[in-house]
Amino acid sequence: MKKVFILCLISFATQAQSSWFEKARFGMFIHWGLYSAAEGMWKGENLRYRNNYAEWIRYRNRISKEEYGELAKRFDWENINPEEWVLLAKKSGMKYIIMTSKHHDGVALWDTKVGNYSLPNLSGSGRDVLKELAAACKKHDMKLGFYYSHWIDWEHPYAWDHNQEIKGRVTDEQFNQYWQEKAIPQLRELLTNYGDIAIMWFDMWIPYEKSIFKKEQLEQAANLIRELQPNCLINSRLGLPADTKYVDFQTLGDNVFGSQYITHPWETPGTIAHSWGYNGQEKEWKSSAQLFKSLIGNVSLNGGYTLNIGPRADGSLSWESVSRLEDLGKWLGHYGQAVYNNTGVGLRPNQHDWGKITKSGNEVYLHVFNWPLDQTLRVSGITSTPKSAQLLLENGKTRELTLEQWGPLMHIKVPKRPADGYNSIIKLEFDDISLDKNIAAESTFGGFALNASNLLNAGNFTIKKYDGTRPERIITAAEPLQWEVYLPEEGTYKIDVSAHNPSAHPLAIEIKVGDTVLKGTLNPDGKVVVEPNEKNYTDEFTDRNLGKITLKTPGKNKVEFRVAGNRELWLNRIWMEKQ
Ligand code: GLC
């Protein structure tokens with residue numbers, strides 16, 4: 001009995017531990033190290049391999065340890081001031097900072113006593129930037145986390161280096177030597193000398209079973225963290241599964257954003273450009289609008305965003321980074337209530353073509369990226385009636401909006417112009433929120449698109465994703481396809497079908513809406529040219545009008561689609577629109 005009680009306390013403590021992280025939603029990642037001084041170039045040559053990361057330059061451009069160490073001499077210590085990074089994070093609305101303490105190059109940014117391959121030592125500056133950063137974080141009430149490359153380390157001869165795939169692996173004993181003599185003692189330093197560490201962020205993107213690691217080694221690191229910093233969170237790239245007691249939150253792939261609602265804590269680590277470390281040749285800066293959409297998309301699926309910047313070797317940041325962060329910070333300053341401490345409502349992801357929905361308690365926030373030209377914002381899936389609907393304005397004021405509601409469909413009357421150039425927020429307040437998760441959402445253009453993403457039934461058919469030329473399609477089989485739509489009024493609805501008939505014969509099809517049936521015939525479809533002069537053709541998906549149905553049963557209706565004789569048809573979507 002006693003045992004059970006203790007166990008409950010432990011799991012509760014773990015949840016409470018990560019709750020700040022789930023409220024924070026937005027943090028800063030900083031990649032800064034010797035590679036920052038190379039700026040993506042080595043001896044007049046660009047970073048090798050197209051699209052690679054600048055912080056990988058030592059490995060990619062095959063630089064010797066000694067020459068690489070010389071990069072430390074390029075740092076301009078007069079200008080380097082980690083407090084400025086903290087102030088920038090604050091101004092940008094970020095709630096935590098994760099700093100690369102040791103990246104794959106194996107160079108410690110702090111004054112480590114484990115060997116002498118550290119920035120203070122190689123540069124001769126004697127400065128411990130992690131100490132300075134920790135002090136600034138404390139001063140400005142910013143949570144601090146450390147990135148530590150535990151798996152790859154190009155300095156230690158017995159750590160992991162990808163070249164071991166062809167040049168021969170280190171033995172388990174050798175790897176353990178690296179682990180016990182470098183990684184573990186360095187982790188101990190980081191967890192002992194820098195005050196409260198909110199996150200230890202590891203970086204192995206394959207499960208440990210596929211790596212040289214033994215489970216016990218990873219557990220050793222996790223236990224050390226639990227012992228020295230009981231409140232510190234550990235990310236899943238430690239290499240252990242996200243649901244074990246050693247992992248507190250899941251880290252998705254680099255720049256991989258959420259595609260479904262995940263109930264446990266999770267984040268996307270993402271770059272503001274392409275590289276993580278500073279690259280003077282960088283060409284791929286993400287726009288502020290894109291960064292907004294990434295952040296809010298994740299929050300709407302219960303996740304967070306750790307956005308990376310790569311300062312230069314003098315500590316400064318490029319204008320591209322600063323200007324984007326300022327855009328985000330300014331917006332969050334006005335509308336942060338729609339992001340911090342928010343989660344998703346739990347409707348299908350991506351069902352609204354105008355933007356995303358988040359919520360905090362009984363307050364629902366509609367993030368309208370694409371303002372409707374007809375001044376009607378269509379929201380589908382919420383069945384309870386809001387007490388109020390308000391457009392949030394930049395000056396802190398609000399504007400009351402009116403709305404109409406039919407079951408799970410809501411039409412909000414909005415002004416002609418959006419309140420914000422990036423993302424306008426409409427706040428709905430409820431007593432309680434009830435949902436209809438099944439119905440197909442109404443499009444901004446007023447009709448309903450029934451497709452693979454809002455199908456009601458699972459069944460004996462397959463769904464093929466968009467592959468660059470052919471649209472997403474459902475390959476029909478024996479069972480009928482089913483959707484649920486809410487049609488507010490009696491009347492005539494036009495029905496169009498976009499499909500490809502791959503056979504040599506006409507196919508008879510049938511669409512049933514409630515009790516009304518519409519029949520049609522789809523002739524064989526041929527090819528369509530993708531690019532001129534390249535003999536580049538793909539299967540044509542023809543859009544055909546099947547006619548009209550007269551609906552006498554308003555409200556929720558089931559739509560069924562079947563192909564006579566259970567023959568194969570590639571269905572892209574059905575479009576229903578009131579006449
Ligand atoms: C990858 C890269 C690394 C970067 C990290 C951040 O694992 O190897 O350079 O630090 O992603 O997510």
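The values are calculated or read from the model by the stated rules, or taken from the named source; none is laboratory data. Small disclaimer: the values here were computed from a predicted structure and weren't measured. All Cβ positions, glycine included, derive from the backbone under ideal geometry; neighbour counts span all protein chains shown. The protein model used for the area step is the full one, side chains on, heavy atoms only, and it has no ligands, DNA or RNA in it. Shrake-Rupley method; radii C 1.70, N 1.55, O 1.52, S 1.80 Å.
Roughly what % antiparallel, to the nearest 5, for the DSSP beta bridges in the chain?
DSSP beta bridges in the chain are roughly 75 percent antiparallel.
What's the Cα-based Rg to Rh of the stretch 355-429, Rh via Kirkwood? Mind dumping the intermediate values first?
Values: Rg = 11.4 Å, Rh = 12.4 Å.
Using Cα coordinates only, the ratio equals 0.92.
Long-range amide H contacts for Lys356: which residues qualify at under 5 Å (H placed 1.01 Å from N, peptide plane, sequence gap of 5 or more or a different chain)?
Sorted by chain and number, the residues that satisfy this are His367, Phe369.
In degrees, nearest 10, range 0 to 90: what is the angle between the Cα axis of helix 129-139 and the longest Cα principal axis of the chain?
60
Leaving ligands, DNA and RNA out of it, report the carbon-plus-sulfur percent of the accessible area of the chain at a 1.4 Å probe.
That fraction is 48 percent.
Compactness ratio of the stretch 414-460: Cα Rg over 2.2 N^0.38 Å, N = residue count?
Working: Rg = 15.7 Å, N = 47, 2.2 N^0.38 = 9.5 Å.
Cα Rg divided by the expected 2.2 N^0.38 Å: 1.65.
Mind ranking 551-558, 177-184 by how tightly packed they are, going by the mean number of other C-beta atoms within 10 angstrom, highest first? It would help to have the intermediate numbers written out before the result.
Details: 551-558: 15.1, 177-184: 18.6.
Sorting 551-558, 177-184 by mean packing, highest first, produces 177-184, 551-558.
Roughly what would the spin-label model give for Arg62 and Lys556, points 7 Å off Cα along C-beta, in nm?
6.6
Per-residue accessible area for Glu404 at 1.4 Å probe radius, Å² rounded to 10?
110
So how tilted is helix 215-228 from the main axis of the chain? Cα-based, degrees 0 to 90, rounded to 10.
It works out to around 80 degrees.
Could you tell me what % of all Cα pairs in the stretch 20-334 have separations over 28 Å?
36
Just to confirm the filter: which trypsin sites (Lys or Arg not before Pro) across the stretch 108-171 are DSSP coil and have at most 14 other Cβ within 10 angstrom of their Cβ? Don't skip to the end; give the middle numbers.
Numbers: sites: Lys113, Arg127, Lys131, Lys138, Lys139, Lys143, Lys167, Arg169; in loops: Lys113, Arg127, Arg169.
When the trypsin sites (Lys or Arg not before Pro) of the stretch 108-171 are filtered for loop state and at most 14 Cβ neighbours within 10 Å, Lys113, Arg169 remain.
Rounded to the nearest 0.05, what FRET efficiency do Gln405 and Ser453 give with R0 = 35 Å and r taken as the Cβ-Cβ distance? Could you check?
Given R0 = 35 Å and the Cβ-Cβ separation, E is 0.90.
Nearest 500 deg cm²/dmol is fine: what mean residue ellipticity at 222 nm does the chain get from its DSSP H runs of n ≥ 4 alone, each adding -39,500 (n - 2.57), divided by its residue count?
Theoretical 222 nm ellipticity from helices: -6500 deg cm²/dmol.
For the chain, what value does the Rg/Rh ratio take when both radii are computed over Cα atoms and Rh is the Kirkwood radius, given to two decimals?
1.03
Magnitude of the Cβ-charge dipole of the chain, K/R +1 and D/E -1, about the Cα centre, nearest 20 debye?
Here the chain has a charge dipole of around 740 debye.
Ignoring ligands, DNA and RNA, what accessible area per residue does the chain give at 1.4 Å, in Å²?
Using a 1.4 Å probe on heavy atoms only, each residue of the chain averages 44 Å².
Applying a 10 Å radius around every beta-carbon, put 517-529, 458-470 in order of their mean neighbour count, most first.
The most tightly packed comes first, giving 517-529, 458-470.
Against the longest alpha carbon principal axis of the chain, how many degrees, from 0 to 90 and to the nearest 10, is the axis of helix 82-91 turned?
Roughly 20 degrees, rounded to the nearest 10.
Mind giving me the FRET efficiency for Lys527 and Asn566? R0 is 30 Å, r the Cβ-Cβ distance, nearest 0.05 is fine.
Calculated value: 0.75.
Between Glu472 and Ser384, what FRET efficiency comes out of the Förster formula 1/(1 + (r/R0)^6) with R0 = 35 Å and r the beta carbon distance, rounded to 0.05?
Calculated value: 0.65.
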